[in-house]
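The values are calculated or read from the model by the stated rules, or taken from the named source; none is laboratory data. Values in this document were obtained by computation on a predicted structure and should not be read as measured data. All Cβ positions, even for glycine, are placed from backbone atoms using ideal geometry, and neighbour counts span all protein chains on display.
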Amino acid sequence: MLFFVLFAVVMGAAHYYIWARAVRATTRPGRGRRVGTGVVVFLYLLLMAALAVGSAGGPFGALVAWPGFIWLAGAFYLALILAVLEIPRLVLNRTARVPEAPVTVGAPDVPSGTTPQEQPADPGRRLFIARSLAVAGGVAATGVVGFGTTQALGDPVVKRVPVTLGKLDQRLSGYRIAVVSDIHLGPLLGRGHTERIVRMINEQRVDLVAVVGDLVDGTVDELGEAAAPLRDLVSTHGSFFVTGNHEYYSGAEPWLAELERLGVNPLRNERLRIERAGASFDLAGVNDVTGEAFQDGPDFARALDGRDTSTPVVLLAHQPVQVHEAAKHGVDLQLSGHTHGGQMFPFHLAVGLQQPVRSGLETVDGTQVYTSNGVGFWGPPVRVGAAPDITVVELHHKFARR
């Protein structure tokens with residue numbers, strides 16, 4: 001409820017600003033302004049309705065969610081672009097001021113040294129400037145959102161990331177793990193989305209599949225059919241899953257049981273041994289930190305204590321921030337998601353305030369952590385500067401990597 005109220009206030013302010021620049025400043029009092037005002041109010045209510053009922057599922061939820069969440073992105077970028085255009089607006093309005101005719105020094109009742117004065121800008125010219133900038137902002141915002149929508153709804157990029165692990169037996173060099181995160185099945189992404197992801201993963205012929213959280217935004221009853229294609233994932237050593245924060249919002253226990261039924265094995269603060277050609281490494285998984293509010297939080301000691309430290313351990317953990325605790329337990333590589341790579345520029349800048357890694361492979365506290373951009377989205381079906389991805393992480397012995 002607090003989030004909903006804060007969101008309503010922030011978006012209300014954004015819509016007021018859009019109205020001021022795109023309606024009030026571009027129209028004279030009358031019918032046109034009333035119509036424009038009504039449109040802005042309707043779009044605001046549509047956006048709030050999408051947030052309120054967009055996760056309800058069914059045709060009605062999708063009917064509201066699609067236009068509402070697309071407008072959320074549109075409103076954000078339109079307000080942002082109009083704010084950037086404030087500078088040229090001020091400059092153009094300044095240059096639009098018309099100086100009065102010069103006065104003649106020495107004329108009756110005119111003091112010596114009088115200089116020409118500026119009149120206010122011609123109302124017609126101000127209106128033209130306001131309309132031109134509003135149109136430019138609208139075109140730019142439409143272009144950005146249109147491009148971002150094609151990115152979000154198009155095929156994920158397949159990335160190949162080699163990772164060197166010092167403890168890895170050379171007989172395991174080349175071991176391939178498909179990392180997929182943040183699928184976000186819901187009112188905007190359904191069975192077709194899952195089928196495409198499964199097909200793309202299977203085409204890579206990997207040794208193991210790691211689904212690192214945020215699979216769903218809804219219950220098993222609502223989205224079980226959408227998740228069903230996960231049973232078709234194919235790999236040498238199977239598919240594994242750890243919870244993300246959205247699983248707890250959607251009912252974690254039913255989903256964990258459903259995934260187990262589909263052959264996607266949950267790792268709930270536990271580990272297992274992965275063996276090939278007489279060599280092995282540990283695969284572990286911990287619950288998401290959000291689980292703490294549901295008495296199901298991460299337990300690194302349970303998952304990692306008592307193992308053979310001469311072999312490496314690969315940890316599945318939804319949020320990159322969990323690497324700080326993972327490093328204390330000697331984790332060699334952590335595979336994560338959660339950030340969406342920022343999803344929509346400039347939110348990239350905000351990710352660093354909460355997470356140590358926004359996207360890609362980095363080393364934190366001596367532990368390597370790879371963060372996927374994810375294959376879905378939350379809220380607007382838009383990605384700008386953070387294309388969706390499926391990553392094939394290839395493990396290498398330090399002397400065997402090519």
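When you scan the stretch 141-163, how many residues do you find that are assigned to a helix (DSSP H, G or I), surrounded by fewer than 17 Cβ atoms within 10 Å (Cβ to Cβ) and not aromatic (Phe, Trp, Tyr)?
Total meeting the criteria: 5.
Condition first: outside any helix (DSSP H, G or I), surrounded by fewer than 18 Cβ atoms within 10 Å (Cβ to Cβ) and hydrophobic (A, V, I, L, M, F, W, C). Now tell me which residues in the stretch 231-261 satisfy that.
Within the stretch 231-261, Val234 is the sole residue that qualifies.
Between a residue in the stretch 131-158 that is more than 21 Å from Arg196 (Cβ to Cβ) and any residue that is assigned to a helix (DSSP H, G or I) and among the polar types (S, T, N, Q), which pairs come within a Cβ distance under 6 Å, given they are 6 or more apart or on different chains?
Correct list of pairs: Arg131/Thr26; Ala134/Thr26.
Please specify each residue of the stretch 215-240 satisfying the condition of being under 16 Å from Ala178 (Cα atoms) and in contact with an Asp or Glu (Cβ under 9 Å, 6 or more places away or on another chain).
Correct list: Leu215, Asp232, Ser235, Thr236, His237.
Checking Glu275 against (1) crowded, with 18+ Cβ neighbours inside 10 Å; (2) assigned to a strand (DSSP E or B): exactly one of these is not met. Which one?
(1)
Tell me, please, whether a residue that is in contact with a His (Cβ under 9 Å, 6 or more places away or on another chain) and loosely packed, with under 15 Cβ neighbours inside 10 Å can be found in the stretch 309-317.
No, that holds for no residue.
Quick check, is Arg160 charged (D, E, K, R) and at pLDDT 90 or above?
Numbers: charged (D, E, K, R): yes; at pLDDT 90 or above: yes.
It is true that Arg160 is charged (D, E, K, R) and at pLDDT 90 or above.
Restrict the check to the stretch 284-301 and report whether at least one residue is farther than 20 Å from Ala210 by Cβ, free of Cβ contacts under 8 Å to residues at least 60 places away in the same chain, more than 26 Å from the chain's Cα centre (by Cα) and outside any helix (DSSP H, G or I).
Taking every residue of the stretch 284-301 in turn, at least one turns out to be farther than 20 Å from Ala210 by Cβ, free of Cβ contacts under 8 Å to residues at least 60 places away in the same chain, more than 26 Å from the chain's Cα centre (by Cα) and outside any helix (DSSP H, G or I).
Any residue at all in the stretch 360-368 that's part of a loop (DSSP other than H, G, I, E, B), in contact (Cβ under 8 Å) with a residue 24 or more places away in the chain and more than 16 Å from Gln334 (Cβ to Cβ)? Step through it out loud before you land on a result.
Looking only at the stretch 360-368, we keep the residues that are part of a loop (DSSP other than H, G, I, E, B), and these are 365-366.
Subsequent filtering for residues that are in contact (Cβ under 8 Å) with a residue 24 or more places away in the chain retains 365-366.
Now narrow it down to the ones that are more than 16 Å from Gln334 (Cβ to Cβ): none.
Within the stretch 360-368, none of the residues are part of a loop (DSSP other than H, G, I, E, B), in contact (Cβ under 8 Å) with a residue 24 or more places away in the chain and more than 16 Å from Gln334 (Cβ to Cβ).
Among Gly124, Gly138, which is the only one that is at pLDDT 90 or above and assigned to a helix (DSSP H, G or I)?
Just one listed residue meets the conditions, Gly138.
Would you point out which residue out of Leu172, Leu188 is over 20 Å from the mean Cα position of the chain (by Cα) and crowded, with 17+ Cβ neighbours inside 10 Å?
Testing whether each residue is over 20 Å from the mean Cα position of the chain (by Cα) and crowded, with 17+ Cβ neighbours inside 10 Å leaves just Leu172.
Of the residues that sit in the stretch 369-398 and are under 13 Å from the mean Cα position of the chain (by Cα) and outside any loop (DSSP other than H, G, I, E, B), which one is farthest from Ala65 (Cα to Cα)?
Going through the stretch 369-398, the residues under 13 Å from the mean Cα position of the chain (by Cα) turn out to be 371-389.
Those still in the list that are outside any loop (DSSP other than H, G, I, E, B) too: 371, 384, 389.
On the way: Thr371: 28, Val384: 19, Asp389: 24 Å.
Within the stretch 369-398, the match that is farthest from Ala65 (Cα to Cα) is Thr371.
Here are some conditions: (1) in contact with a Ser or Thr (Cβ under 6 Å, 6 or more places away or on another chain); (2) outside any helix (DSSP H, G or I). Val323 meets all but one. Which one does it not meet?
Only one criterion in (1) in contact with a Ser or Thr (Cβ under 6 Å, 6 or more places away or on another chain); (2) outside any helix (DSSP H, G or I) is unmet by Val323, namely (2).
When you look at His348, is it closer than 22 Å to Val158 by Cβ, free of Cβ contacts under 8 Å to residues at least 60 places away in the same chain, of a type outside the set (D, E, K, R) and surrounded by fewer than 23 Cβ atoms within 10 Å (Cβ to Cβ), yes or no?
yes
Do the conditions hold for Ile183, that is, is it under 24 Å from the mean Cα position of the chain (by Cα), under 23 Å from Val382 (Cβ atoms), surrounded by 24 or more Cβ atoms within 10 Å (Cβ to Cβ) and in the same structural domain as His338 (by TED's automatic domain parsing)?
yes
I'm checking my understanding of the structure. Among residues of the stretch 327-342 that are closer than 19 Å to Gly213 by Cα and in contact (Cβ under 8 Å) with a residue 60 or more places away in the chain, which one is nearest to the chain's Cα centre (by Cα)?
Checking each candidate, the answer is His340.
Mind listing whichever residues of the stretch 325-348 are touching a helix residue (DSSP H, G or I) at 6+ places or on another chain (Cβ under 7 Å) and of a type outside the set (A, V, I, L, M)?
Once the filter is applied, which keeps residues that are touching a helix residue (DSSP H, G or I) at 6+ places or on another chain (Cβ under 7 Å) and of a type outside the set (A, V, I, L, M), the stretch 325-348 yields Glu325, His329, Gln334, Ser336, His338, Thr339, Gly342, His348.
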